[in-house]
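J.: Quick one: this structure, given as structure tokens, is what I'll be asking you about.
The values are calculated or read from the model by the stated rules, or taken from the named source; none is laboratory data. Keep in mind that this is a model prediction, so the values were computed, not measured. Ideal geometry is used to build each Cβ from the backbone, glycine not excepted, and the neighbour counts take in all protein chains shown. With ligands, DNA and RNA removed, areas are computed over all heavy atoms of the protein, side chains included. Shrake-Rupley method; radii C 1.70, N 1.55, O 1.52, S 1.80 Å.
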Amino acid sequence: QKYVPDCSMLTVTSFGFDNLARMAKVAPHLQLGYLTDNCPDEDLDKVASIGGRQICPHAQKLTRERVAHAIERGFTVRSWGNDTVENMMRSLQAGVHGMTVNFPDLLVRELARRD
């Protein structure tokens, strides 16, 4: 019997929109996320046009308003570029659903300190 993995929780992210568009055609069951500097409407429109539901703006460019706008449009928002505690906290304060971090120990320590 051939093993078929459950990919329902898998999200493919890329800085290359064309790569995501090709992935949407080849594997439409996968969730797609676009890594971008910010999340302007044109990026949200592009991602939605291929069935993507995740936008991944850079932590330094986040605002609570842009995150709320993306969420209102039905997107999950996951930030990247969280290489400092300041960026991690900026992401949390902006209301993201998640973030990519290289140093989760710094985030854990900061959250414990603030508790």
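J.: How big is the dipole moment of segment 25-104 about its Cα centre under a simple scheme where the beta carbon of each Lys and Arg is +1, that of each Asp and Glu is -1, and everything else is neutral? Debye, nearest 20, please.
T.: In debye, rounded to 20, segment 25-104 gives about 220.
J.: If packing is taken as the average number of other Cβ atoms within 10 Å across a peptide's residues, how do 74-81, 63-70 rank, most packed first?
T.: The most tightly packed comes first, giving 74-81, 63-70.
J.: Solvent-accessible area per residue for the chain at a 1.4 Å probe radius, Å²?
T.: 62 Å²
J.: Given a 1.4 Å probe and every protein chain left where it sits, what share in percent of the accessible area of the chain is carbon and sulfur?
T.: 53 percent
J.: Express in whole angstrom the spacing between the alpha-carbon centres of segment 13-75 and segment 84-115.
T.: 21 Å
J.: Same structure, new question: Identify all lysines with a Cα-Cα distance to K25 below 16 Å; exclude those on the same chain that are fewer than 8 residues away in sequence.
T.: Cross-link targets: K46.
J.: First select every other residue whose beta carbon is under 9 angstrom from the beta carbon of Y34; then total the charges, Lys and Arg +1, Asp and Glu -1.
T.: Once all neighbours under 9 Å are counted, the net charge is 0.
J.: Through the Karplus equation 6.51 cos²θ - 1.76 cosθ + 1.60, θ set to phi - 60°, convert the phi angles of segment 35-45 into ³J(HN,Hα) values in whole Hz; use x for Gly and Pro.
T.: Residue by residue, segment 35-45 yields 7, 9, 5, 9, 9, x, 4, 4, 5, 4, 4 Hz.
J.: Related question: Once Lys and Arg get +1 and Asp and Glu get -1 on their Cβ, which of C39, S79, T11 lies farthest toward the positive end of the dipole of the chain?
T.: It is T11.
J.: Near the amide H of T13, under 5 Å away, which other amide H atoms are found, from residues 5 or more places off or on another chain, if H is placed in the peptide plane?
T.: So T13 has HN proximity to G33.
J.: I'd like to compare 18-31, 45-58: which one has the highest average count of other Cβ atoms within 10 Å, and what's the full order after that?
T.: Taking the mean over residues of other Cβ atoms within 10 Å, the ranking is 45-58, 18-31.
J.: Per residue Cα convex hull volume for the chain, in cubic angstrom? Could the numbers behind the result be given before it?
T.: Details: hull volume 14.3 nm³, N = 115.
Dividing the Cα hull volume of the chain by its residue count gives 125 Å³.
J.: For K25 and T100 in the same chain, what is the full-extension length gain: residue separation times 0.36 nm, less their Cα-Cα distance, in nm?
T.: Roughly 24.4 nm would be gained on extension.
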